[in-house]
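Each remark here refers to the structure printed beneath this line.
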């Protein structure tokens, strides 16, 4: 009995300790016999919080657009060092532009492809045909036969403002239906790598664009397409906050040719020109200190047929002979023209057969001349 008494007392003391420190403090036994909580107490929100205006707009743009954005998979064949055939697969994005199944994407997404497949947002896959390509603008139109397609709304890329909110939707790294957001960072000309297409007035954005986004839409806050995502500048091959999109107006100017003829009838004014600055204008006695002086008109070209005149007198610019005395182009369709880049931008917004209003100086006389643009060969 003497030996059992200490054991009994120890059990009594242990029970009392448990009663006062655990059971009495919390009678529902939150701690089990192994020292673990039986119930975790957390703080929960009273209900779903209301979305703010910006979140609502993000969701609205996504829901409006996602059904029209597609994943484009191209399959090509290359050759290894031993001239063995090596299949190669690439991925990009695109978007539906009409109910007939025409899809706009980048030329480099489908270049050299032997087979093109399109996956819709509902995961249905369709074999696509290449309808038309425009390598110089990095644009392509492909087509699928699918029911109930919803085309995207093509907006207007003129007068975009730096700081304007934009959205990119595409399939970066094959992750379909991805939305990113940013702003217009700048509007600038940029050339694609390896001597690729030069994009006049490219839309620079910090919206995350990665491999697989090429060919997908860049949208304004209404959900209208204002550009086609095409290029990133990065030392690591992925988003670094500098992406570029082709202005949608550039694409709209050539869409009809791509769909109906499979190529672009690039417009040409049919002139050789010399850019004018204030010093040269003073030397030549010109009435304006900017513009393009017509040195030569192409025989039977658009300018010649409209009555524009080239130079008639030989002069020298340093050691280079030039012809002076021709018309001085200062504006086209109301847009100021100062150099060949301005002229190229005007041409990018038109196609062969369009009529443009060319403002010129002939000697000291200011004139407006209507010119029907011709089709480019090796002329401007």
Applying the selection to the range 260-287, what residues are farther than 14 Å from residue 309 by Cβ, under 37 Å from the mean Cα position of the chain (by Cα) and in a loop (DSSP other than H, G, I, E, B)?
-> 262, 263, 264, 265, 266, 276, 277
For residues that are crowded, with 17+ Cβ neighbours inside 10 Å and touching a helix residue (DSSP H, G or I) at 6+ places or on another chain (Cβ under 8 Å), tally how many sit in the range 41-75.
-> 3
How about the range 137-162: which of its residues are over 16 Å from the mean Cα position of the chain (by Cα) and touching a residue at least 12 places away in the same chain (Cβ under 8 Å)?
-> 142, 143, 144, 145, 146, 149, 150, 151
Pick from 178, 198: which is in contact with a strand residue (DSSP E or B) (Cβ under 7 Å, 6 or more places away or on another chain) and closer than 26 Å to residue 123 by Cα?
-> 178
Output the number of the condition that residue 359 fails; it satisfies all remaining conditions of (1) in a strand (DSSP E or B); (2) touching a residue at least 12 places away in the same chain (Cβ under 8 Å); (3) over 18 Å from residue 268 (Cα atoms).
-> (3)
With the checklist (1) part of a loop (DSSP other than H, G, I, E, B); (2) loosely packed, with under 13 Cβ neighbours inside 10 Å; (3) at pLDDT 95 or above in hand, flag the one item residue 127 doesn't pass.
-> (1)
Would it be correct to say that residue 179 is crowded, with 19+ Cβ neighbours inside 10 Å and in contact (Cβ under 8 Å) with a residue 12 or more places away in the chain?
-> no
Within the range 135-166, which residues are in a strand (DSSP E or B) and surrounded by 22 or more Cβ atoms within 10 Å (Cβ to Cβ)?
-> 139, 140, 141, 142, 166
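Say we look at the range 237-284 and pick out the residues that are on the phi > 0 side of the Ramachandran plot and in contact with a strand residue (DSSP E or B) (Cβ under 6 Å, 6 or more places away or on another chain); which of these is surrounded by the most Cβ atoms within 10 Å (Cβ to Cβ)? It would help to see each step written out before you state the result.
Narrowing the range 237-284 to residues on the phi > 0 side of the Ramachandran plot: 237, 241, 262, 270.
Checking the rest, the ones that are also in contact with a strand residue (DSSP E or B) (Cβ under 6 Å, 6 or more places away or on another chain) come to 262, 270.
Numbers: 262: 13, 270: 26.
Here the residue is 270.
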Tally, over the range 215-257, of residues that are more than 13 Å from the chain's Cα centre (by Cα) and either in the same structural domain as residue 109 (by TED's automatic domain parsing) or assigned to a loop (DSSP other than H, G, I, E, B) (or both) | 12
Positions within the range 288-310 being more than 24 Å from residue 254 (Cα to Cα) and in a helix (DSSP H, G or I), in sequence order | 304
Applying the selection to the range 214-225, what residues are closer than 18 Å to residue 185 by Cα and crowded, with 24+ Cβ neighbours inside 10 Å?
-> 217, 218, 219, 225
With the checklist (1) buried (at least 21 other Cβ atoms within 10 Å of the Cβ); (2) out of contact with any helix residue (DSSP H, G or I) (no Cβ under 9 Å at 6 or more places or on another chain) in hand, flag the one item residue 210 doesn't pass.
-> (2)
Would you mind finding the one in 189, 193 that is assigned to a loop (DSSP other than H, G, I, E, B), loosely packed, with under 15 Cβ neighbours inside 10 Å and either over 13 Å from the mean Cα position of the chain (by Cα) or at positive phi (or both)?
-> 193
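The values are calculated or read from the model by the stated rules, or taken from the named source; none is laboratory data. All of these numbers come straight from a predicted model, not from anything done at the bench. Cβ sites come from the backbone with ideal geometry, for glycine too, and all protein chains shown count toward neighbours.
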